[in-house]
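A quick write-up on the structure given underneath.
The values are calculated or read from the model by the stated rules, or taken from the named source; none is laboratory data. What you are looking at is a predicted structure, and each value in this text was computed from that prediction instead of being measured. Every residue, glycine as well, gets a Cβ built from its backbone with ideal geometry; the counts of neighbours run over all protein chains shown. These accessible areas exclude ligands, DNA and RNA; they are computed on the full protein's heavy atoms, side chains included. Shrake-Rupley method; radii C 1.70, N 1.55, O 1.52, S 1.80 Å.
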Amino acid sequence: MSIIKKYVLAALTVVAIYSCKEDIDMSNRYTFTEDTIASYLEAHEDYSEYCALLKAVPISKRSESTIFQLMSARGNYTVFAPSNEAIQLYLDSLYAKDIIDEPSWEGFRDDETLDSIQKVIVYNSIIDGGDDTEAYLTSSFPDDSEEFMLANLNDRKLSVNYGNNPDSIYINGTKDDDGNVLNGSLIDMNNRDIIAINGYIHQVHSVVAPSNETLGDMLKGFIDSGTEGFLVTAKLVLACGLQDTLCQTQDETYEDLYQAESLTDLPTHPSYGKTGYLPEHRKYGFTIFAEPDEFWSEQIGKSPSDITVDDVKAWVVSHNLYPNAIDNDEYTNVDNVLNQFVTYHILPMRIPVDKLVIHYNEKGYYYTTSTRYTVATWELYTTMGERRLFKLYQCSDIDGYPIFINRFPVLDNGRSGTYHETSCNADNEGFIVNTSGAMNVVNGYIYPITPSNEGAGPATLAYTQETRENFQKQRLRFDVAGLFPEFMNNDIRANRVSTDRNLCVGIPTDADYQYLEDVSIADNTVFYYLLGLGCGWQNYQGDEFNVTGRYEMTFRVPPVPMSGTYEIRYAVQNNSSRRGMCQVYFGSDTNNLYAMGIPLDLRIGGTSDLLGWQADVSGDDDTNAEVDKKMRNNGFMKGAEHYHAGTGSAGTARASQYTTRRIIVRQEMDPDKTYYLKFKSVLDDEEKEFYMDYIELCAKEVYDNPQTPEDIW
């Protein structure tokens with residue numbers, strides 16, 4: 001499916017799904033002669049087993065209405081309906097696993113297991129689009145290996161795989177190296193896109209039953225069964241003591257507080273006019289980027305089953321990947337050489353294929369109208385273990401839009417440039433992420449990786465001295481939501497479903513519950529995440545933090561790659577009369593942070609005569625550079641050329657007087673230290689807003705380079 005098709009649904013409004021639905025209002029039931037999903041299924045004998053389950057399974061614990069009644073009522077449902085044969089195959093599999101005594105509904109040993117299996121089949125088979133969002137035809141399915149934007153009734157997002165035959169569509173499969181789909185639920189070629197009054201039906205040849213297995217469970221299973229593919233990775237991860245961590249799925253304390261309604265939604269945002277809905281969950285997630293077993297067999301000269309953890313540690317030491325790490329067998333120690341190698345492959349967030357690199361409003365592209373990617377785009381994250389920088393990168397210059405790890409190309413980044421790749425040194429080409437070979441479980445992904453240019457550059461992914469130097473040579477830009485894993489893990493960041501619950505998310509203060517691990521939110525702080533989907537805001541990737549009240553917040557800053565002097569820039573869009581003022585503090589001790597100059601006035605932008613802002617003069621680079629220099633002398637920079645200040649037809653942020661960057665810190669920073677930023681309100685007006693879009697870390701070698709001045713992008 002093309003990018004434009006994929007995102008058409010994102011602009012539509014969706015009503016909350018089944019967790020908000022209790023008893024069905026049958027007055028809304030259709031009276032037309034055409035079939036509802038329920039009546040169609042009931043009229044076809046091939047679905048008799050599935051219909052019986054729909055009639056047996058309630059909508060929720062608090063409802064007496066059944067899913068069958070839901071399928072008889074108004075709505076937009078996508079149903080992956082298993083045939084009788086598919087359900088029998090599922091029962092056969094349960095019997096083979098000794099879960100039931102015989103392959104039939106009479107074979108269950110207790111009512112609890114029977115009830116659970118019935119719900120597995122039913123809840124996982126239905127996606128509820130609410131009253132206003134179209135159900136999914138196969139023509140509107142996501143791209144290969146990507147997930148549907150909406151979760152199913154089991155609060156799980158299903159993925160799609162396309163086989164070598166273009167008509168072969170699987171739900172929740174995986175692919176081997178030859179492109180064959182494994183383990184997925186095949187959609188019947190003749191019984192798909194069946195139109196009902198309230199949605200579409202797609203018959204599947206096997207029950208859609210995503211496993212509740214975690215990454216930790218899966219890796220342990222590889223070892224227990226000797227399953228190859230990521231067997232060596234499994235040995236390494238478990239040796240580093242990460243199994244329990246990778247088995248985590250959600251914070252049960254938050255779950256209990258939310259379900260008990262002990263936490264309350266934030267009040268209506270004063271300017272956005274929407275309630276600050278608290279997240280329904282606080283999930284944990286992880287993404288592992290792993291060298292496949294074939295790599296280790298080639299490097300070490302043994303079969304995956306014979307390769308030991310000590311073999312890999314010796315290989316890492318022999319390649320001098322982490323010369324300052326401790327070389328011993330205490331693999332759970334974050335200073336250990338193997339621990340540093342392994343944890344650099346893991347991000348503390350579950351990142352689906354379509355969010356590895358987020359595309360929203362980069363120059364030449366807009367998420368609802370563009371059919372191809374444009375300028376080079378990236379995401380920067382912080383790894384597990386010792387905190388280190390990790391880059392995911394994508395551009396339009398390479399066929400198929402592959403996603404790279406730690407690619408550092410030469411870009412056409414002049415003042416009249418295109419921001420496309422002009423070249424890439426063989427040592428800097430990075431690693432390709434094989435998205436079609438991804439393995440997807442409840443709390444994470446494993447992506448196979450391979451060197452982009454085998455025989456050149458590092459053989460394996462590592463945070464080497466060369467990698468650090470490459471990061472230091474670049475301006476490091478972080479979207480504000482990308483700084484904190486909770487926004488990705490709970491499907492808050494880059495959600496393309498425009499319900500109020502997604503558009504305006506509230507975060508509780510630490511006095512109520514600390515939701516964000518890397519942010520301390522003091523009492524009297526009203527903290528909102530605004531998605532800005534389709535609003536035309538002058539924001540990088542559309543989103544922002546927007547905080548009111550007598551706020552005080554302390555953020556953990558991403559690590560720097562090497563020791564040196566760095567600027568921290570703070571992006572501001574000041575086209576609002578509600579912006580406020582705050583004092584900025586910085587340091588490595590949260591109990592002793594230092595004030596950075598005078599209070600930051602968020603109301604000041606390019607419209608102020610104090611800044612010296614002038615629009616670029618076409619073809620006059622000298623004049624434009626002089627304006628940039630004057631603004632820097634005042635502690636300001638123009639907005640970035642990289643993204644549009646609004647929709648895809650708008651000018652760039654650099655061309656907008658309302659979008660600027662403030663230089664809020666210029667300090668020596670050490671990669672082995674953790675630094676913090678604190679923002680504290682200095683105004684009495686509690687409706688004045690603190691705004692945060694993105695931050696930049698920029699080394700002196702970049703911003704004060706006499707040979708190659710910092711680019712405008």
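Tabulated data
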{"quantity": "Selection count where residues are assigned to a loop (DSSP other than H, G, I, E, B), open to solvent by 10 Å² or more (accessible area, probe 1.4 Å) and of a type in the set (A, V, I, L, M, F, W, C), scope the stretch 359-398", "calculated": "2"}
{"quantity": "Selection status of residue 641, part of a strand (DSSP E or B) and in contact (Cβ under 8 Å) with a residue 60 or more places away in the chain", "calculated": "no"}
{"quantity": "Scope the stretch 617-638; condition in a loop (DSSP other than H, G, I, E, B) and open to solvent by less than 70 Å² (accessible area, probe 1.4 Å); matching residues", "calculated": "617, 620, 635"}
{"quantity": "Residue satisfying all of: in the stretch 258-282; under 22 Å from residue 517 (Cβ atoms) and of a type in the set (Asp, Glu); surrounded by the fewest Cβ atoms within 10 Å (Cβ to Cβ) among these", "calculated": "265"}
{"quantity": "The lone exception for residue 119 - which of (1) in contact with a Gly (Cβ under 8 Å, 6 or more places away or on another chain); (2) in contact (Cβ under 8 Å) with a residue 60 or more places away in the chain it fails", "calculated": "(1)"}
{"quantity": "Candidates 707, 657, filtered to the one that is touching a residue at least 24 places away in the same chain (Cβ under 8 Å) and either more than 25 Å from residue 493 (Cβ to Cβ) or open to solvent by 50 Å² or more (accessible area, probe 1.4 Å) (or both)", "calculated": "657"}
{"quantity": "Selected residue (only one of 294, 255 is among the acidic types (Asp, Glu) and open to solvent by less than 50 Å² (accessible area, probe 1.4 Å))", "calculated": "255"}
{"quantity": "Residue in the stretch 349-358 that is surrounded by the fewest Cβ atoms within 10 Å (Cβ to Cβ), counting only those that are in a helix (DSSP H, G or I) and touching a Lys or Arg at 6+ places or on another chain (Cβ under 9 Å)", "calculated": "355"}
{"quantity": "Every residue from the stretch 146-158 that is closer than 26 Å to residue 176 by Cβ and either among the hydrophobic types (A, V, I, L, M, F, W, C) or open to solvent by less than 10 Å² (accessible area, probe 1.4 Å) (or both)", "calculated": "148, 152, 158"}
{"quantity": "Among residues of the stretch 399-441, those that are free of Cβ contacts under 8 Å to residues at least 40 places away in the same chain, open to solvent by 40 Å² or more (accessible area, probe 1.4 Å) and closer than 18 Å to residue 292 by Cα, counted", "calculated": "2"}
{"quantity": "Unmet criterion (only one of (1) at pLDDT below 95; (2) more than 29 Å from residue 624 (Cβ to Cβ)) for residue 385", "calculated": "(1)"}
{"quantity": "Residue check for residue 542: in contact with a helix residue (DSSP H, G or I) (Cβ under 7 Å, 6 or more places away or on another chain), among the small types (Gly, Ala, Ser), touching a residue at least 40 places away in the same chain (Cβ under 8 Å) and at positive phi", "calculated": "no"}
{"quantity": "Tabulated pairs, the stretch 266-283, first over 13 Å from residue 507 (Cβ atoms), second open to solvent by less than 40 Å² (accessible area, probe 1.4 Å) and small (Gly, Ala, Ser), C-beta under 8 angstrom, 6+ apart or interchain", "calculated": "267/276; 268/276; 271/576; 275/506"}
{"quantity": "Matching residues in the stretch 190-212 - criterion: being under 15 Å from residue 160 (Cβ atoms) and among the aliphatic types (A, V, I, L, M)", "calculated": "204, 208"}
{"quantity": "Count of the stretch 274-289 residues which are of a type outside the set (Lys, Arg) and either assigned to a strand (DSSP E or B) or more than 19 Å from residue 492 (Cα to Cα) (or both)", "calculated": "6"}
{"quantity": "Test: residue in the stretch 180-188 that is part of a strand (DSSP E or B), open to solvent by 10 Å² or more (accessible area, probe 1.4 Å), farther than 21 Å from residue 357 by Cβ and at pLDDT 95 or above", "calculated": "yes"}
{"quantity": "Selected residue (criterion: surrounded by the fewest Cβ atoms within 10 Å (Cβ to Cβ)) from residues of the stretch 597-609 that are in contact (Cβ under 8 Å) with a residue 60 or more places away in the chain and under 32 Å from the mean Cα position of the chain (by Cα)", "calculated": "600"}
{"quantity": "Spans of helices (runs of 4 or more DSSP H) in the stretch 198-252 with at least 3 residues surrounded by 20 or more Cβ atoms within 10 Å (Cβ to Cβ)", "calculated": "215-225, 231-239"}
{"quantity": "Failed item in (1) of a type in the set (Asp, Glu); (2) at pLDDT below 95; (3) under 20 Å from residue 123 (Cα atoms), with residue 193 passing the rest", "calculated": "(2)"}
{"quantity": "Residue count, the stretch 204-260 (criterion: of a type in the set (Val, Ile, Thr) and without any contact (Cβ under 8 Å) to a residue 12 or more places away in the chain)", "calculated": "1"}
{"quantity": "Any hit, the stretch 358-374, residues being of a type outside the set (Ser, Thr, Tyr) and under 27 Å from residue 441 (Cβ atoms)", "calculated": "yes"}
{"quantity": "Candidates 72, 60, filtered to the one that is over 18 Å from residue 186 (Cα atoms), of a type in the set (Gly, Ala, Ser) and touching a Ser or Thr at 6+ places or on another chain (Cβ under 6 Å)", "calculated": "72"}
